[in-house]
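The values are calculated or read from the model by the stated rules, or taken from the named source; none is laboratory data. Bear in mind that the values here come from a model prediction, so they are computed numbers and not experimental data. Note that we place each Cβ from the backbone using ideal geometry, even for glycine, and neighbour counts take in every protein chain shown. Please note that ligands, DNA and RNA were not included when accessible areas were found on the heavy atoms of the full protein model with its side chains. Shrake-Rupley method; radii C 1.70, N 1.55, O 1.52, S 1.80 Å.
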Amino acid sequence: MHDFIHTTHPQRVVFGAGSLRHLAREIDALGAKRALVLCTPEQRPQAERVAASLGAQAAGLFDRAVMHVPVETAREARELARRLGADCAVALGGGSTTGLGKAIALEAGLPIVAVPTTYAGSEMTPIYGLTENGLKKTGKDPRVLPRTVIYDPELSRTLPVGLSVTSGINAIAHAAEGLYAQDSNPVMDLMAEEGIAALARALPAIRAQPGDLAARSDALYGAWLCGSVLGAVGMALHHKLCHTLGGSFNLPHAEVHTVVLPHALAFNAPAAPRAMARIARALGGVSAPAAVYALARGNGAPVALKDIGMRAADLDRAADIAVANPYWNPRPFGPAERGEIRALLQRAFDGEPPA
Ligand SMILES: NC(=O)C1=CN([C@@H]2O[C@H](COP(=O)(O)OP(=O)(O)OC[C@H]3O[C@@H](n4cnc5c(N)ncnc54)[C@H](O)[C@@H]3O)[C@@H](O)[C@H]2O)C=CC1
Ligand SMILES: O=C(O)/C=C\C(=O)CC(=O)O
């Protein structure tokens, strides 16, 4: 019997190869006149082309987006937007750049047009993250939700294969946890399963041919679906572990999601059999944890925390942090389960198949 509450976010999504050409029209549609274009240092050339294409609609460019949005960077970008008289921000890039746009929106109220170039999904969520004095805080606020999202698969063709695979599995993680979320609902479940299936098809095709536009389009479509799930329902053990490892030990975001997901699913499998069956079906496998592990391994992604910068000496502290303030999870984890969480982290550290 169905029994749920679903809130739809007010957002406009423009999807299609070449859809970046609609950027000026979309800025106009927001009633904005001057956009500050945001990017990482690495994506500056791409962002310069975008700013040039906007002509007088571009107020300027800020190219210092970095992972986890340091408050100082957010402050500088906000100040530049004010000085330049910008009345909207265009975030061209992955979750780091979208996150910077969100930090500007949170304080200055500038509407964001997000142009995602990875599969992280931040553009579809009202979730923001900010780092101050080495401590990352996350929160939810409807003001940070990008007003318009332009998904142009042409732009993701330059995303290196390694990051394409791990970022795609970051997206799969949102959908997988969405399927066993406490506040899940039938529509989000459909989107989650479809999103996982699209990414499972696309990632091997991208690995074989990084410039394959149809595969890039499929992956971005999957990212949109999985990001929508992340924005609508609560996340659980897997995201808690990744926030701990990324936030406190500075491990790279997409890689950490890729390594941890099979193990978090194995921990939750006994408590969420229906979700596991849907994840496995979407991945074309029999067991959800094993199918995620095979997807990562088979496409050259890391499967061990020790290979992405984790130190063995920090595993105990990571387990302590993860269980101290747990998220809701279908199989509860807290101080009483500390030993099992520590064992899970050890397997992930060593790169063993999920238990
Ligand atoms: N608030 C939310 O809902 C979410 C937030 N995030 C946050 O996003 C951050 C991670 O975002 P990611 O997208 O994984 O990485 P990212 O945005 O840091 O990008 C990783 C690297 O790839 C480069 N890159 C991105 N797209 C490219 C392309 N098409 N071609 C060539 N290079 C490209 C970037 O310039 C950067 O150097 C984390 O801080 C995470 O916490 C992630 C998911 C959801
Ligand atoms: O872990 C994720 O992929 C999802 C959410 C976040 O990263 C939130 C944030 O820390 O910005």
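Side notes on the structure shown:
- Taken across segment 126-144, residues that are open to solvent by 40 Å² or more (accessible area, probe 1.4 Å), among the aromatic types (Phe, Trp, Tyr), in contact (Cβ under 8 Å) with a residue 12 or more places away in the chain and within 11 Å of ligand 2 (Cβ to nearest atom) do occur, with at least one present.
- Selection over segment 190-203 of residues that are out of contact with any Leu (no Cβ under 6 Å at 6 or more places or on another chain), open to solvent by 10 Å² or more (accessible area, probe 1.4 Å) and farther than 15 Å from residue 291 by Cβ gives a count of 1.
- Filter pass, residue 123 being touching a residue at least 24 places away in the same chain (Cβ under 8 Å), in a helix (DSSP H, G or I) and farther than 15 Å from residue 74 by Cα: yes
- Test: residue 114 is in a strand (DSSP E or B), under 26 Å from residue 223 (Cα atoms) and under 17 Å from the mean Cα position of the chain (by Cα): yes
- Of the numbered criteria (1) assigned to a helix (DSSP H, G or I); (2) under 23 Å from residue 263 (Cα atoms); (3) within 14 Å of ligand 1 (Cβ to nearest atom), the one residue 192 fails is (3).
- Candidates 272, 223 - the one that is within 11 Å of ligand 1 (Cβ to nearest atom), crowded, with 22+ Cβ neighbours inside 10 Å and not charged (D, E, K, R): 223
- Any hit, segment 255-278, residues being within 16 Å of ligand 2 (Cβ to nearest atom) and among the polar types (S, T, N, Q): yes
- Just one of the listed residues (78, 34, 49) is over 21 Å from residue 14 (Cα atoms) and open to solvent by 40 Å² or more (accessible area, probe 1.4 Å), and it is 78.
- Pairs linking a residue in segment 82-105 that is more than 16 Å from ligand 2 (Cβ to nearest atom) to a residue that is among the polar types (S, T, N, Q) and in a helix (DSSP H, G or I), with Cβ atoms under 8 Å and 6 or more positions apart or on different chains, are 92/46.
- Restricted to segment 1-110, the set of helices (runs of 4 or more DSSP H) holding at least 3 residues that are closer than 22 Å to residue 156 by Cβ comprises 23-29, 44-54, 95-108.
- Checklist (1) touching a Leu at 6+ places or on another chain (Cβ under 7 Å); (2) open to solvent by less than 30 Å² (accessible area, probe 1.4 Å) applied to residue 14, failing item: (1)
- Just one residue in the set 113, 165 is touching a residue at least 40 places away in the same chain (Cβ under 8 Å), within 25 Å of residue 34 (Cα to Cα), more than 10 Å from ligand 1 (Cβ to nearest atom) and buried (at least 24 other Cβ atoms within 10 Å of the Cβ); that residue is 113.
- A single entry from 206, 172 fulfils the requirement of being touching a Leu at 6+ places or on another chain (Cβ under 8 Å), part of a helix (DSSP H, G or I) and open to solvent by less than 10 Å² (accessible area, probe 1.4 Å): 172.
- Residue in segment 237-258 that is in contact with a strand residue (DSSP E or B) (Cβ under 7 Å, 6 or more places away or on another chain) and either buried (at least 23 other Cβ atoms within 10 Å of the Cβ) or β-branched (Val, Ile, Thr) (or both) present: no
- Residue match in segment 152-159 (condition: of a type in the set (Val, Ile, Thr) and open to solvent by 30 Å² or more (accessible area, probe 1.4 Å)): yes
- Residue list for segment 227-244, filter: out of contact with any Lys or Arg (no Cβ under 8 Å at 6 or more places or on another chain), more than 10 Å from ligand 1 (Cβ to nearest atom) and modelled with pLDDT of 95 or more: 228, 229, 232, 233, 234, 236, 238, 240, 241
- Taking the numbered list (1) touching a Lys or Arg at 6+ places or on another chain (Cβ under 9 Å); (2) open to solvent by 30 Å² or more (accessible area, probe 1.4 Å); (3) more than 16 Å from ligand 2 (Cβ to nearest atom); (4) over 29 Å from residue 210 (Cα atoms) in turn, residue 61 passes all entries but (4).
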